Each structure stands twice: as C-alpha cells, then as structure tokens.
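Encoded as structure tokens, the structure appears first; notes follow it.
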Amino acid sequence: MSGIIFGRQPVLEALKSSHSINKVYIAKGLKGSIIDTIFRLAREAKIVVQFVDKIKLDQVTDGGNHQGVALQVASVKYAELDQILDSLEEKKEALLVLLDRVTDPHNLGAIVRSAHQLGADAIIIPKRDACGINETVAKVSAGAIEYLPVIQANNLVQVIEKCKSRGYWVAGAESAGKQCFAQDLKGKIVLALGSEGYGLQKLILEKCDFVVAIPQIGKLDSLNVSCAASILLYEIIRQRLQKSVIPK
C-alpha cells in the first residue's frame, strides 16, 4: 500500500511504529493532547508536517473520517513466511491466522485488530481473490496493522504444508466441525478462516488437521468472519492462559 492513513489513533500508532512516513497532515487550528503528541512525534522523527484546511484533508482521505489528521505512508512491506516461522521457532506456542478469500477491507481490518489484541503472531492472506492492506484496513484496525506482520502468499495450500512441516497444527473454521470449546487449541496453531458465503476452499479444508466450530443457536447461516475470528482467537488465548480444555 502506498497511500494515506487517517484518524487520530491509527496515525498515532503509525508514528510510534517503524513505518516509513513521508508527510503528516493536521487540520489548521486543531488542538488537544493527542494532536500535540502526533505533532511532537512527527517533529522528533523529522517528518514534514503540513497544517491544512479541512477541505484538503477531505480530499486526501477521499472523504474518510479523518478526525483532523492523516499521514502519507510509503509502501507497506509484507512479511516473509520463512522469516516469521524462523522467529517463532523456539516458541512453544505460536498462532498464525490464515484468511481465505476475505475481500471486505472492514472485515480484514477488524480481524487484524482482534488478532493483534488476542496474541496472534501474523496474518496470512492470498495475493489473489482477497483484500490486501489498504487505507480502509489500516483505519479499521485502529493502528494494529503497524504491529502485526501480514504475509501475502501466492499459494495458501503450500503455506499450510510448510507450516505443518514446522510443527504447526492447522485448525479450519467450519460449521460442521467439533465445538471449539471442546478441542485442544494450545501449542503452535494455524487458524484458517474462509469468507462469508464461501467458507474455506476444498483444497485448504482437506489440508486442515481438524475442524473447529462455534456453537450457534440463531437462525442465520453463519457469523460475520471477523466476529468468528474474534471468538476463536479468544478461545485460543483462554486455553493458553488456563492450560486446560473444558470437557464437553
């Protein structure tokens, strides 16, 4: 992504990270502690700060809810799978989130936010038929995209095979699976989720070691994928902290 991050919290988190930033925009006359912090961090990093009219910010952000601040970033650097796996080699517990054909940037941004907060080590997305990292994803993630590595892969099946060869168990999220609360989700896990309406592709599902499901009692077919991701991620961290699985 080469573009704009906007909104006070996303801009603040981008400045705190090692992200490559070209320029910061602040609305003229805007005051407040978070604005002061944004200005200070930008100046300390020797980043150009421009005080502009609201109309300019509306144009820069394409009408987005910028809250009076935005910044121009260089390109987002996707992480490399091998480097991530190497960095996690000595860990007893690791968590990768693999997303199959998630095309909505709001869903992707929400998943990034939840994944970061709930202990995921990286997110894996395909290069085709899926949303990449863009301004909307960065905004919805509320700055989490600055801290959670994102891997963009040519072939998700090959990614799964490589992860399994490095000691990971692959859990596919499907309604036909066994309830997540009754399964052991500790250790090194790849959590695979598919898009709403499609689910996981057959080849990916066949590569999963087991399938997990979220118990539901409503009349709808499925949960929003970002909601499902949050529930499953929470169950994984719950088991890590509790070190036991609730018997079913």
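The values are calculated or read from the model by the stated rules, or taken from the named source; none is laboratory data. Just so it is clear, the model here is predicted, and its values are computed rather than measured. Note: ideal-geometry Cβ built from the backbone for every residue, glycine included; neighbour counts use all protein chains shown.
In summary, CYS131 fulfils each of the numbered conditions (1) assigned by TED's automatic domain parsing to the domain that holds VAL48; (2) in a loop (DSSP other than H, G, I, E, B) with the single exception of condition (1).
Among (1) part of a strand (DSSP E or B); (2) in contact with a helix residue (DSSP H, G or I) (Cβ under 8 Å, 6 or more places away or on another chain); (3) not assigned by TED's automatic domain parsing to the domain that holds LYS202, there is one condition ILE124 misses while meeting the rest; what is its number? Just one mismatch for ILE124, condition (3). With respect to the conditions (1) assigned by TED's automatic domain parsing to the domain that holds ALA229; (2) assigned to a strand (DSSP E or B), ILE26 lacks only one, and its number is (1). Checked against the criterion of being of a type in the set (D, E, K, R), under 20 Å from ILE125 (Cβ atoms) and touching a Pro at 6+ places or on another chain (Cβ under 9 Å), segment 81-95 has no qualifying residue.
Across segment 131-189, the qualifying residues are those that are farther than 13 Å from ASP209 by Cβ and of a type in the set (Phe, Trp, Tyr), and the one among them that is surrounded by the most Cβ atoms within 10 Å (Cβ to Cβ) is PHE181.
Within segment 174-189, restricting attention to residues that are in a loop (DSSP other than H, G, I, E, B) and of a type outside the set (S, T, N, Q), the residue that is nearest to THR103 (Cα to Cα) is LEU185.
Set side by side, the residues LEU41, LEU57 differ, and just one is at pLDDT 90 or above, within 26 Å of ALA79 (Cβ to Cβ) and outside the structural domain of ALA144 (by TED's automatic domain parsing), which is LEU41.
Here is a yes/no grid of residues against (1) in contact with a Leu (Cβ under 7 Å, 6 or more places away or on another chain); (2) touching a residue at least 24 places away in the same chain (Cβ under 8 Å):
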site: HIS116; (1), (2): yes, yes
site: ASN134; (1), (2): no, yes
site: LYS139; (1), (2): no, yes
site: ASN154; (1), (2): no, yes
site: VAL157; (1), (2): yes, yes
site: SER165; (1), (2): no, no
site: GLU174; (1), (2): yes, yes
site: LYS186; (1), (2): no, yes
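Name the one entry in ASP62, ASP36 that is over 19 Å from ALA144 (Cβ atoms) and either assigned by TED's automatic domain parsing to the domain that holds ARG113 or in a helix (DSSP H, G or I) (or both). Before you say what the answer is, go through the steps one by one.
Numbers: ASP62 fails: either assigned by TED's automatic domain parsing to the domain that holds ARG113 or in a helix (DSSP H, G or I) (or both).
Matching residue, one of ASP62, ASP36: ASP36.
Quick check: is even one residue across segment 48-57 in a loop (DSSP other than H, G, I, E, B) and at negative phi? For segment 48-57, residues in a loop (DSSP other than H, G, I, E, B) and at negative phi: present. Scanning segment 223-236 for residues that are assigned to a loop (DSSP other than H, G, I, E, B) and either in contact with a Leu (Cβ under 8 Å, 6 or more places away or on another chain) or surrounded by fewer than 17 Cβ atoms within 10 Å (Cβ to Cβ) (or both) yields one hit, ASN224.
For (1) among the aromatic types (Phe, Trp, Tyr); (2) more than 15 Å from the chain's Cα centre (by Cα); (3) closer than 30 Å to GLU13 by Cα; (4) assigned to a helix (DSSP H, G or I), each residue gets a yes or a no:
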| residue | (1), (2), (3), (4) |
| --- | --- |
| VAL97 | no, no, yes, no |
| VAL102 | no, no, yes, no |
| ILE111 | no, no, yes, yes |
| ALA142 | no, no, yes, no |
| GLN152 | no, no, yes, no |
| GLY172 | no, yes, no, no |
| LEU191 | no, no, yes, no |
| LEU205 | no, yes, no, yes |
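Number of residues in segment 65-121 that are under 30 Å from ALA45 (Cβ atoms), surrounded by 20 or more Cβ atoms within 10 Å (Cβ to Cβ) and small (Gly, Ala, Ser): the value is 7.
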